[in-house]
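Have a look at the structure below, then the notes.
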Amino acid sequence: MKNKWNKRQGWLAGLSLCLSMVACTKSDQIIIDVAQEGAEVPSSLYGVFFEEITHSGDGGLYAEMVVNRGFEDGNLPSGTTYKDGYAVAKSLPCYSNDSINNFKVKWQDDKAMNGWQVVCAAGQPVYKIVDNQPLHPATPHALQLELGKSAGDIQVINNGYWNMALTEGSSYKLAFHLKADAASNEEVTVSLIDENEQPAASQSFKITKDNQWHKYEGALVSASTGNKYRLALTFKNKGNVYLDYVSLFPEETFMNRPNGMRKDVAETLADLHPAFIRWPGGCIVEGLTMENRIKWKETIGDPVTRPGEYNLWGYRSTYGFGYHEFLQFCEDVHADGMFVCNAGMSCLFRNGDFYDDNQVDGLIQEALDAIEYAIGDADTYWGKKRVENGHPAPFPLKYVEIGNENIGSRYAANYKRFYAAIKEKYPQITPICALMFSPYLKEAGPIGIIDPHYYETADWFYRNGDLYDKLPADYPYKIYVGEYAATGRSSLYSSLAEAAYLTGVERNADKVQLVSYAPLLENADGHGRNHLIVLKNDSVYGRTNYHILKMFSENRPDVNLKTQVLPAETQPVFQTQGIVGIGTCNTVAEFKDFKVTQDGKTFYSTDWNDLASAWTASQGEWKVDNGVLKQSKVEGDSYLWLNGKELGDCTIELKARKIEGREGFRIFFGSKGEEQYYMADIGSHTNESVIFGERNAAGNVSLFDYRNSTSVHTDHWYDVRVEVKGNHWKCYLDNQLEYEYTYQPVIRHYAVSGYDKATNEIVIKLVNGENTPWSASINLANVKSIQPEGTQITLGSVNPDAENSFTDPEKVVPVETKLKGLNSSFEMVCQPNSFTILRVPCER
Ligand code: AHR
């Protein structure tokens, strides 16, 4: 593979410069040649990906404050039936391998009243959820209150999304629907109450008692501030009423859009200046089953008519932040829209069922209709609907992604059909292929952009700051990194790892044209993962990686400049040395014919008769039967170490067979034991790949750049061979080379630079992921003139574990200072654990 610039020449040029200048300094050299432009950095590069997950929308960005407002939360996921405490999907073959996943999710009966309580001043209230009085056919459920059967006043209370936050003097828009019989009381009172049941706001409504549905609307102005409020409707114990679609919104939403978004959350997103917004997912596009997938047509129009759907992240989406709201948000923040459609298959880690070719026609039409809704003329069917929904002008939809994280031939065939149909009718739309770096790309026909995702450890991201430098310049596809995130505990260390990776993305922005982090938003009370933005009902903050992404987005140059980092000291080449072993992860497997050779001679071989004396098992259940060693524990990691034989270069050979479980087998080498090892990881990433791996003090690190797509089949005896030579490792299965890797410890220093043509500035980005300062001499070659003063923006902390929080939301944020005394050569010290951007005004 060719690199963009010839590193060797660069190294020699840099070396002479270093010698002629200050050969004795310990500073690294960073040489930036303003006359040598690299890749252009498109304005499309930094975007965001929204998916309804961990209450990012409902209970997050979407400003609705009432949870389960339409009493629809008891609906089973579409395509499932209830059985013995589970919502069970149909037994259908999975699209990837025809296996029957028999997918089911736990299902409790009490979901219908999720978020609601009915209390009576005296005795038990009589109420139930019914579906025979539909407010709208798509949302048939309502709460029936047999008020006359109760001994005292009845309160119907909604808890909100982990309660409701109110601000003194602010107004909240209330709406509810009631169907009351003649015997009911004339009035209902609606209040916002605190933990002590004291009202912060209250309003009474006169009821129409004609046994028909009526909508009631009001404005509640809060007399106090707090975040523990609930909404209570108080009824007298007379008659029979049905209650449905109870809604409360802050009067002020982002851009004051109706059915709008929380201002603080939307502004936090807008501050990222996203070039594009991807919606609606993610796995949610695929669904637990095909019927459970998001159907965009159900997400538009009057929210009362939107049925919502139980999503595969464990709660029901209201579809409140629907297709129209997403497109409106794109327009409001000047982002391009990226719509994702289902490609004919549900999530393969769930039911994985799929549509046949005729049904796929329907899905293609669904995608074309979505485009028509966004950009079609007002006289088209769906364009007209957009106009009716209040938006005559077209929306800025630019991309359509066909599926999400799909694999295999079926996907490739479907993709081709979607692509052709979209391009024929809407040549201006850019389709995106959901395949990653996959062998199926060859089958998928014309492809503009592919979508690899990376959820890897921080150390993987540090190791892959140069990932796209390794991709050939003539790689046939452009790349959209649709999802990336350093997994594990969120910290400055992991955020800087993402920054290191992004320097490589930006440097290769001719190949990687779009990038978005995932997941985006997390309601902290909803117990999420490492999201970019964290919120509660009354507050929101960005984690350190949010601020880093913002810094990248706000300091995107127009074009890269040739940038060489020449370390002051060369690192010795790593030499593998340590004990060897075998093991598994969540898998039962068998092993035989184990042999280690060195210099072509057998160093050790076994038929397992010496298992007790020569080997040490540190986890797992290991037993020999008939010359075959079996590890029979299916859960967790297992290790078996060959005692006391520290080896350098060697070849490990054996036969291995998977019996059951989620992965394959592991061959260890260069190890000190289960806390520090290297391994050939055969069947990694839930049996998707053969790669190498490392365990060190920081945990597990996958060692790969481009993962292959080799899975381990059960009941097949594989000939496994691992060759270790210095720092170069190879893994073969059945004599076929599956993966090779050159290992070298990383020094976590990264630099990329570019030129901002609008401001005439060199923009230099420096990541120091080490816990020590990084000194560098920065040399700017071929500049005509330099202004003495520039700008420095730094985000960092002495503590690599530092992270923002609700109590200290600005613990680690960018700090802007003046950069003085600039010249074509200047010294720079990057603080430990920091991301620094230098803006140097200069004429070229
Ligand atoms: O970001 C969460 C999920 O991770 C996305 O839905 C999916 O695409 C990926 O597997």
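Structure notes:
- Annotation: extensible slack from residue 624 through residue 719 equals 32.3 nm (criterion: 0.36 nm per residue apart, minus Cα-Cα distance).
- With R₀ fixed at 30 Å, the C-beta to C-beta distance from residue 198 to residue 297 puts the FRET efficiency at about 0.10.
- Neighbour-count ranking [beta-carbon atoms within 10 angstrom, fewest first] of 690, 588, 400: 588, 400, 690
- The count of lysine pairs in the range 115-250 that are at least 8 places apart or cross chains, and whose C-alpha atoms lie under 12 Å apart, stands at 6.
- Percentage relative contact order, the range 485-622, counting C-alpha pairs under 8 Å, at least six apart: 14 percent
- Computed over neighbours whose Cβ is under 15 Å from that of residue 809, the net charge equals -4, Lys and Arg +1, Asp and Glu -1.
- Ordering 605, 777, 684 from the fewest to the most neighbouring beta carbons within 10 Å gives 605, 777, 684.
- Cβ-based charge dipole, the chain, positive-most Cα from 703, 134, 334: 703
- The range 115-250: C-alpha pair distances exceeding 19 Å, %: 49 percent
- Gain on full extension, evaluated as 0.36 nm per residue between residue 474 and residue 616 minus their Cα-Cα distance, stands at 46.2 nm.
- Relative contact order (%) - criterion: Cα under 8 Å, at least six apart; region: the range 578-742: 23 percent
- When you restrict to C-alpha pairs under 8 Å that are six or more residues apart and normalise by the size of the chain, the relative contact order lands at 13 percent.
- Distances between placed amide hydrogens fall under 5 Å for residue 276 paired with 47, 48, 336, all partners being 5 or more residues away or on another chain.
- Cross-link partners of residue 757 among lysines, defined as those whose alpha carbon lies under 26 angstrom from its own and excluding same-chain residues fewer than eight positions apart: 4, 398, 478, 511, 550, 562, 765, 784, 818, 820.
- The range 567-635 shape via C-alpha gyration tensor axes, a/c threshold 1.5: oblate
- Protection-proxy order for peptides 98-109, 744-755, each taking the mean of Cβ atoms within 10 Å per residue, highest first: 744-755, 98-109
- Close amide H pairs (under 5 Å, H built 1.01 Å from N) link residue 170 with 222, residues at least 5 positions away or on another chain.
- Here the Karplus relation 6.51 cos²θ - 1.76 cosθ + 1.60, evaluated at θ = phi - 60°, turns the backbone of the range 33-44 into coupling constants of 9, 6, 7, 10, 7, x, 5, 6, 9, x, 5, 6 Hz, with x for every Gly and Pro.
- Sum of -39500 (n - 2.57) over DSSP H runs of 4+, divided by residues of the chain (222 nm, nearest 500): -4500 deg cm²/dmol
- Computed from label points 7 Å out along Cα-Cβ, the spacing between residue 607 and residue 378 is 8.7 nm.
- By other beta-carbon atoms within 10 Å, ranking 262, 657 with the fewest at the front produces 657, 262.
- Proximal charge balance of residue 482 [Cβ under 10 Å; K/R count +1, D/E count -1]: -3
- Segment residue 782-residue 728, extension gain: residue separation times 0.36 nm, minus the distance between their alpha carbons: 15.6 nm
- Sparsely packed loop sites in the range 530-613 (the GluC sites (Glu not before Pro) outside DSSP H, G, I, E and B with at most 12 other Cβ atoms within 10 Å) comprise 569.
- Magnitude of the charge dipole for the chain, about its Cα centre and with charges confined to Cβ atoms of Lys, Arg (+1) and Asp, Glu (-1), is about 720 debye.
- Nearest-0.05 FRET efficiency for residue 675 and residue 133, computed from C-beta distance (R0 51 Å): 0.20
- Cβ-Cβ FRET estimate between residue 558 and residue 827, R0 fixed at 35 Å, reported to 0.05: 0.80
- Put a dot 7 Å past the Cα of residue 98, heading toward its Cβ, do the same for residue 256, and the two dots end up 6.2 nm apart.
- Using θ = phi - 60° and Karplus 6.51 cos²θ - 1.76 cosθ + 1.60, couplings along the range 266-271 (whole Hz; Gly, Pro as x): 5, 5, 4, 5, 4, 5
- Simple point charges give the picture: +1 on the Cβ of Lys and Arg, -1 on the Cβ of Asp and Glu, and for the range 578-742 a dipole about the Cα centre of about 140 debye.
- Calculated from backbone phi, Karplus (6.51, -1.76, 1.60) coupling profile of the range 763-772 in Hz, x at Gly/Pro: 10, 10, 10, 10, 10, 10, x, 8, 8, 10
- Each other residue within a Cβ distance under 13 Å of residue 558 adds +1 if Lys or Arg and -1 if Asp or Glu, for a net charge of -3.
- Antiparallel DSSP beta bridges within the range 468-550, as percent of all bridges there, nearest 5: 40 percent
- Taking amide H positions as modeled 1.01 Å from N, with prolines and chain starts lacking one, the residues under 5 Å from residue 819 and 5 or more places away or on another chain are 790, 791, 792.
Values in this text are rule-based calculations from the coordinates and carry no lab data. Every value quoted in this text rests on a predicted model; they were computed, and no experiment measured them. Glycine also receives a Cβ, built like all others from the backbone with ideal geometry; neighbour counts cover every protein chain displayed.
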